[in-house]
Amino acid sequence: MFTTASLADWSYWTSSVFLLVGCFFSLTGSLGVLRMPDFFSRLHPAGKSDTLAQALILLGLMALLLPDITANVGIAIKLALLIMLLLVTAPTSTHAISKAACLDPRMPTYWKRPGDSDPRSIERQSPLPTGPSNNKEKT
């Protein structure tokens with residue numbers, strides 16, 4: 001069984017690992033944003049790595065609460081709720097930003113799909129045939 005001293009040491013080491021890995025992902029995501037060539041490519045490192053980095057940093061903070069969890073249970077619950085909130089809202093906001101950029105009429109022509117006359121139109125051509133089949137057998 002863990003003693004208080006060994007649990008405190010374990011929680012500090014675990015917290016340090018989570019915080020360092022979270023900071024590493026935050027740094028690599030920031031470098032990815034700087035290195036990518038255009039807006040849509042920059043959204044990927046900003047949305048993915050920053051979400052993971054924030055979750056790891058908050059897990060590191062939760063690991064610091066382990067030696068005295070009975071006194072800090074309210075803080076641990078708030079941190080867990082914050083992690084869940086971040087995991088839901090960050091990808092959703094990234095998707096909303098990219099969708100708004102696609103609907104912008106100033107979108108570069110190389111991002112338009114063939115056959116799109118107006119980039120603001122939400123209706124897209126279906127890849128599936130919608131009319132009667134042209135593959136009728138000749139009798």
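Since every read-out is calculated from the coordinates, none of them should be taken as a lab result. On a predicted model such as this, the values are computed, not experimentally measured, just so you know. Backbone-built Cβ (ideal geometry, glycine too); neighbour counts: all protein chains shown.
Couple of notes before you dig in:
- Scan of region 35-91 for residues that are of a type in the set (V, I, T), closer than 22 Å to A8 by Cα and within 16 Å of the chain's Cα centre (by Cα), ordered by number: I57
- Residue identified as touching a helix residue (DSSP H, G or I) at 6+ places or on another chain (Cβ under 8 Å) and β-branched (V, I, T) among T28, T89: T28
- Top-ranked residue in region 44-92 [being among the hydroxyl-bearing types (S, T, Y) and without any contact (Cβ under 8 Å) to a residue 24 or more places away in the chain; ranked as farthest from L7 (Cα to Cα)]: T92
- Within region 11-30, the set of residues being more than 12 Å from Q54 (Cβ to Cβ) and surrounded by 17 or more Cβ atoms within 10 Å (Cβ to Cβ) comprises S11, S15.
- Selection from region 60-94 of residues that are farther than 26 Å from G47 by Cα and exposed (fewer than 13 other Cβ atoms within 10 Å of the Cβ): T70, A71, V73, G74
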